[in-house]
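Participant: Questions regarding the structure given below will be posed in turn.
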Amino acid sequence: MINKSINLFGAGDSIIEAPATLTAFQFPESTKWWEPVVFAYGGTADGSYIITGTDVVDVTISGFEVDGLDREPGSGHRAAGILLRNADGLVSNNVVRNMLINGSETFGIIAYGIQLLRLIVITSAAGLAVVLLQMVMQERMLIPLPRLQTTPLLVLV
């Protein structure tokens, strides 16, 4: 959970693994509870893990393998490898793996809130990439990574 401006760069084989139990979060832009492996957000978290506010953080996350360890999210929850909420910055050269779908709503990388995503480069395990430049987010953007890593990434804006 990241709630400040920060630059994170992986070196070598840098892996971020999901813990056995993930904390669930909710925020005004979504009616669902989210269980992210990596969560960068602007705003304030209350004691019940509800995120509110308009603060924006500037975050770079680059050069990591994010491993969801094939854990299934709790009932009615969504899972994400990387979840951004009110976060400007750069997400690049990351691979999201082992995000168990099994009937659950599961995403590789997803962004919510009002943010300026100056450059995002997402690469799947198959080497497929999507580049988005100078995009101002007002609602949400879904960037799911297919579990089998055999089809192109799908971007819904």
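We did not get these values from a lab; they are worked out from the coordinates using the rules stated. In this text, all values refer to a predicted model and were calculated from it rather than measured experimentally. Because the Cβ atoms are built from the backbone with ideal geometry, glycine has one as well, and the counts that use them run over all protein chains shown.
Participant: So, R0 is 30 Å and r is the distance between the beta-carbons of Thr52 and Ala11; what FRET efficiency does that work out to, to 0.05?
Facilitator: The formula returns an efficiency of 0.30 here.
Participant: Which ordering of Thr60, Thr21 is given by a fewest-first count of other beta-carbon atoms within 10 Å?
Facilitator: On the way: Thr60 18, Thr21 9.
The fewest-first ordering by Cβ neighbours comes to Thr21, Thr60.
Participant: So for Asp70, Asp88, fewest C-beta neighbours within 10 Å to most, what's the order? Working shown, then result.
Facilitator: On the way: Asp70 13, Asp88 20.
Lowest to highest Cβ neighbour count: Asp70, Asp88.
Participant: How large are Rg and Dmax for segment 13-107 when only the alpha carbon atoms are used, in Å?
Facilitator: My reading of the Cα-based Rg and Dmax gives 13.1, 35 Å.
Participant: Would you mind computing, in nm to one decimal, how far apart the modelled labels at Ile101 and Glu72 are, each placed 7 Å from Cα along Cα→Cβ?
Facilitator: If labels sit at Ile101 and Glu72, their model points lie 1.5 nm apart.
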